Amino acid sequence: MIEFQGISKTYRIGKIEVKAVREVSLKIEAGEFVAIMGASGSGKSTLMHLMGLLDRPDQGRYLLAGQPISGLSDDELAALRNRLIGFVFQQFHLLPHMTALENAELPLIYAGQREMVGKARRELEAVGLSDRMTHRPNELSGGQQQRVAIARSLVNDPLVIMADEPTGNLDTRSKEEILAILQRLNREGKTIVMVTHEPEMAAHAGRIIQMRDGRIIADDRRGEGVPSSAAEGAGPARPPKRPYDFLKVVDSTHQAIAAMITHKMRSFLSILGILIGVAAVIAMLALGSGAQASIEQQLSSLGSNLLRVRPGRSFVQGVALESGTVTRLTPRDIDAIHRLPDVRRVSPSVYGRVQVVYRSSNANTTLEGVNIEYAPMRASEPVAGRFFTQEELRTRAKVAVLGQTVIQELFEGADPIGQTVKINLINFRVIGVLPAKGASFGGFRDQDDIILVPVTTAMKRLLGKEYLDAVYVEGASADVLDALQEEILDLLVRRHRLINQPNADDAFDIRNMADIKATLESTTRTMSVLLGVIAAISLLVGGIGIMNIMLVSVAERTREIGLRKAIGATQGDILMQFLTEATLLSLIGGLIGIGVGVGISESLAFFAGWAVKISLFSVVLATGFSLAVGIGFGLWPARQASFLNPIDALRYE
Ligand code: ADP
Ligand code: MG
C-alpha cells in the first residue's frame, strides 16, 4: 500500500539545515494498524505528512499502491488525498463557522459528490454523534470534535486513515473512545497510521515503528492486525478530472456566504469601504454633471452671436466735464447700430430693482425694459401668453412679461395671464410668461427672477432713466462678430464725437457673449475635474480599505485554506471560494453604494436645491471599479495562500 524507498526531507531555516526525515525506507501493507512513536522532534509528523501527500520529499521514491507519486501535480495530489486518505489531527482542525455535519461533508464537496451527504450523517452516527449534527465546534467537547474529524476523514471511504497524535489534546475517557473507534475501523479493513508518543496508545497497534532523529530505529510487528490482502489492489487510479459545474458554483457561493456570516464585522467593513467609494463617486459625478448641465442651459438661454454694449466704465475724465455725458447710450444709438450691414437684431436694455405686488403677495425683483426684438434674440419667447407689440412699445403700455420665479412667488399656481400687478405702485397687466432659464448655480443670478416691460415704459414710467444701461446686438453670424465689434465701436465713437480723444476706445465696453461662455465653460470644466479627482481619491481610499481587510481575512484563514487543501481542495477550489466571497462583498457594497449615492444626490437636489444629474456612466464606472478592486485585492492574497503547501498553511499562526 505505502512504500518508501530512501525518503528524506530537510528543512532549511536560513543557513541551518534540519534533517527531519533521513533516508527512510518502509512498507505498510493494506489493513495494518501502525503506530509511529518517538521523542518530540524525531520526525514522526514529517514522516506522516510525506505519507499523506501533504508535503513532498526531497529525495527518494514514494509508491502509493504501487504507483510512483513524484510526477503528479499539486492538484492531482489533492485529488488523491481527497479519495484515498483521511486525516485526523491533534488540533482537530474543524472549521469553526460550520456545524458538525457541514464539517463532515466537506470532503464530499471537493470530491464533487454532494449527493452523498447522507454518508456524512451515517459516519457521524457511527462515531456516536447523532444528536450533535447541528452543533458548531465550539459547542462540542474535545472528544466530540475529534470524532467529527474522524467522521470527516471517513466520508470519502479512504484506504488509509492518518492520525497525528489524535488523542494528544484529550482526556483519558475520550482517548479510549477515539482509540476504540480506530480499532473498529481497522477491524473493518481500514489501514491506520497513527503518530503517538504514548506507549499505552501504541500498545493497541499491530505494528510499532520507533523513530529517532529522522531515522527508523525499530519496527516491531505483533501477532494481531495481520495485513489483510483483501484490501490490496484498490490502487490509486488517476483521479477523474472534476469539471467546474454548476453545483460547484452553488457550493462555493454557499461556503462564501457562510464565511461572510461568520465574520460579520469584517464583511461589514469590506462592504462599507466599497459602499463609501461607490456612493462618493456617484454623488460627486452627479454634482459635477448637474452643474455643467445647468450652466449649459443658462448659456443656451443667453442667445447666440450676441454682443453686449455698455458705457465704458474705465473712461477717464480727460474729456471736458460737459462731455461726460457723451458715452451715454441713447435710443437713437440703437437705430444707428441697426443700420450696420452685419447686424440682425438690436435691443436696448434698462434695468433696476422694483417691488411687485399681487393681492397680498409681494416680491422684490429685477425689471428690465427691452424692445420686441429681445424675445427672439435672447430665447425669451413666452411659453404662455404673448410678448408686447411694437404698438405697446410706442405707447409706453403698462404690460409686463413675467419670469418663472416671480410667478411662483406671486401667484402660487393661479393663472397669471390677464391679472393686474402693481409694479412700484403702478398697475400693469400681465400678458406673458417667460420660459424657465434654469436654476441659478453658485454665484450666478437667477435668470427667472425677472420682469420684462417695454423699454419706453421702463424709462419714462418706472425707472426714470434717460439713457440705456446696455444694448444687445445680434450679429448675422458668428464669423462677423469680431468685425462687428470694431464697427460698433467706430460708429459710437463717431456719433459721440470722441474721435481723437484719449482713451476713446475705452469709452464703450463691448463684449462678445461667446467669450463669457468660454470663461464659464472652462470654470465648470475645472470644477468637474476637481470633483472627479475627489471621487477618484475616495474610490482609492475605499479600495485600500478593501485590500487591508481582504489581506487580514486571508491571513487569518490560512489554516482554513490548509485544512481545505489537506482534505482535497485544489488551488482552483480555493481561488473560486475567495473569488465568490470577494465578488459577493463587492456586489453588496456596490449595490448599497448606488442606493446611497443616488440618495445623497437626490437629497442635495431636494434640500439644497443643487443641480444634480446622475449618469449611468458614473454608476457603471463606480461599480465596475469597486468590483475590480474588491476582487483584485481579495484574489491576490488568496492566490498566494492557495500556492502554499497544505501543511505550511495548516501550521500558519
Ligand atoms: P515530531 O512530530 O516527531 O515531533 P516533526 O516531524 O514535527 O517532529 O519535526 C522534525 C524536525 O523537523 C524538528 O526538529 C522540527 O523542528 C523540524 N521541522 C518540522 N517542520 C519544520 C518546518 N516547517 N520548518 C523547519 N523545521 C521543521
Ligand atoms: Mg509531531
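The values are calculated or read from the model by the stated rules, or taken from the named source; none is laboratory data. Predicted model only: the values in this text are computed from it and were never measured. All Cβ positions, glycine included, derive from the backbone under ideal geometry; neighbour counts span all protein chains shown. Heads up: the accessible areas ignore ligands, DNA and RNA and are worked out on the full protein's heavy atoms, side chains in. Shrake-Rupley method; radii C 1.70, N 1.55, O 1.52, S 1.80 Å.
Looking at (1) modelled with pLDDT under 90; (2) within 16 Å of ligand 1 (Cβ to nearest atom), which one does Arg114 not meet, given that it meets all the others? Unmet for Arg114, out of (1) modelled with pLDDT under 90; (2) within 16 Å of ligand 1 (Cβ to nearest atom): (2).
In the condition set (1) open to solvent by 30 Å² or more (accessible area, probe 1.4 Å); (2) of a type in the set (A, V, I, L, M, F, W, C); (3) more than 30 Å from Arg639 (Cα to Cα), Ile544 is compliant with all but (3). For segment 80-92, the condition of being assigned by TED's automatic domain parsing to the domain that holds Gln144 and within 12 Å of ligand 1 (Cβ to nearest atom) holds for at least one residue.
Within segment 143-176, the residues that satisfy the criterion of being surrounded by fewer than 18 Cβ atoms within 10 Å (Cβ to Cβ) and more than 16 Å from ligand 1 (Cβ to nearest atom) are Asp157, Asp171, Thr172, Arg173, Glu176. Taking the conditions (1) open to solvent by 20 Å² or more (accessible area, probe 1.4 Å); (2) out of contact with any strand residue (DSSP E or B) (no Cβ under 7 Å at 6 or more places or on another chain); (3) touching a residue at least 40 places away in the same chain (Cβ under 8 Å) in turn, Lys264 satisfies each one other than (3). Scanning segment 425-464 for residues that are modelled with pLDDT of 90 or more and among the aromatic types (Phe, Trp, Tyr) yields a single hit, Phe428.
Residue-wise test of (1) at pLDDT 80 or above; (2) surrounded by 13 or more Cβ atoms within 10 Å (Cβ to Cβ); (3) in contact with a helix residue (DSSP H, G or I) (Cβ under 8 Å, 6 or more places away or on another chain).
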position: Asp469; (1), (2), (3): yes, yes, no
position: Gly475; (1), (2), (3): yes, yes, yes
position: Asn500; (1), (2), (3): no, no, no
position: Ile510; (1), (2), (3): yes, yes, yes
position: Leu520; (1), (2), (3): no, yes, yes
position: Met527; (1), (2), (3): yes, yes, yes
position: Ser538; (1), (2), (3): no, yes, yes
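Taking the listed residues Ser70, Ser130, the one that is away from ligand 2 (no atom under 16 Å from the Cβ), touching a helix residue (DSSP H, G or I) at 6+ places or on another chain (Cβ under 9 Å) and either open to solvent by 10 Å² or more (accessible area, probe 1.4 Å) or more than 25 Å from Ile208 (Cα to Cα) (or both) is Ser130, with no other qualifying. Flag: Thr405 matches the condition of being within 47 Å of the chain's Cα centre (by Cα) and hydroxyl-bearing (Ser, Thr, Tyr). Within segment 177-216, the set of residues being within 16 Å of ligand 2 (Cβ to nearest atom), at pLDDT below 90 and surrounded by fewer than 20 Cβ atoms within 10 Å (Cβ to Cβ) comprises His197, Glu198. Within segment 145-159, the residues that satisfy the criterion of being assigned to a helix (DSSP H, G or I) and either under 40 Å from the mean Cα position of the chain (by Cα) or touching a residue at least 40 places away in the same chain (Cβ under 8 Å) (or both) are Gln145, Gln146, Val148, Ala149, Ile150, Ala151, Arg152, Ser153, Leu154.
Look at segment 162-184: where a residue is farther than 26 Å from Leu84 by Cα and free of Cβ contacts under 8 Å to residues at least 60 places away in the same chain and a partner is assigned to a loop (DSSP other than H, G, I, E, B) and within 16 Å of ligand 1 (Cβ to nearest atom), sitting 6+ places away or on another chain with Cβ atoms under 8 Å, you get Ser174/Thr167.
When only residues in segment 477-488 that are in a helix (DSSP H, G or I) and modelled with pLDDT under 90 count, which is least open to solvent (accessible area, probe 1.4 Å)? Among those that are in a helix (DSSP H, G or I) and modelled with pLDDT under 90, it is Leu481. Quick one: would you say Ala514 is touching a Leu at 6+ places or on another chain (Cβ under 9 Å), part of a helix (DSSP H, G or I) and touching a residue at least 12 places away in the same chain (Cβ under 8 Å)? For Ala514, the condition - touching a Leu at 6+ places or on another chain (Cβ under 9 Å), part of a helix (DSSP H, G or I) and touching a residue at least 12 places away in the same chain (Cβ under 8 Å) - is met. Of the strands (runs of 3 or more DSSP E) that lie entirely inside segment 1-99, those containing 2 or more residues that are of a type in the set (Phe, Trp, Tyr) and under 41 Å from the mean Cα position of the chain (by Cα) span 85-89. Pairing each residue of segment 363-388 that is at positive phi with any residue that is among the aliphatic types (A, V, I, L, M) and in a loop (DSSP other than H, G, I, E, B), provided the two are 6+ apart or on different chains, yields C-beta distances under 6 Å for Gly385/Ile417.
Would you confirm, using the coordinates I've provided, whether Glu200 is in the same structural domain as Gln59 (by TED's automatic domain parsing), over 55 Å from the mean Cα position of the chain (by Cα) and among the charged types (D, E, K, R)?
So Glu200 fits the description; yes.
Tally time: how many residues in segment 23-48 are surrounded by 17 or more Cβ atoms within 10 Å (Cβ to Cβ) and either among the charged types (D, E, K, R) or outside the structural domain of Tyr62 (by TED's automatic domain parsing) (or both)? Number satisfying all stated conditions: 3.
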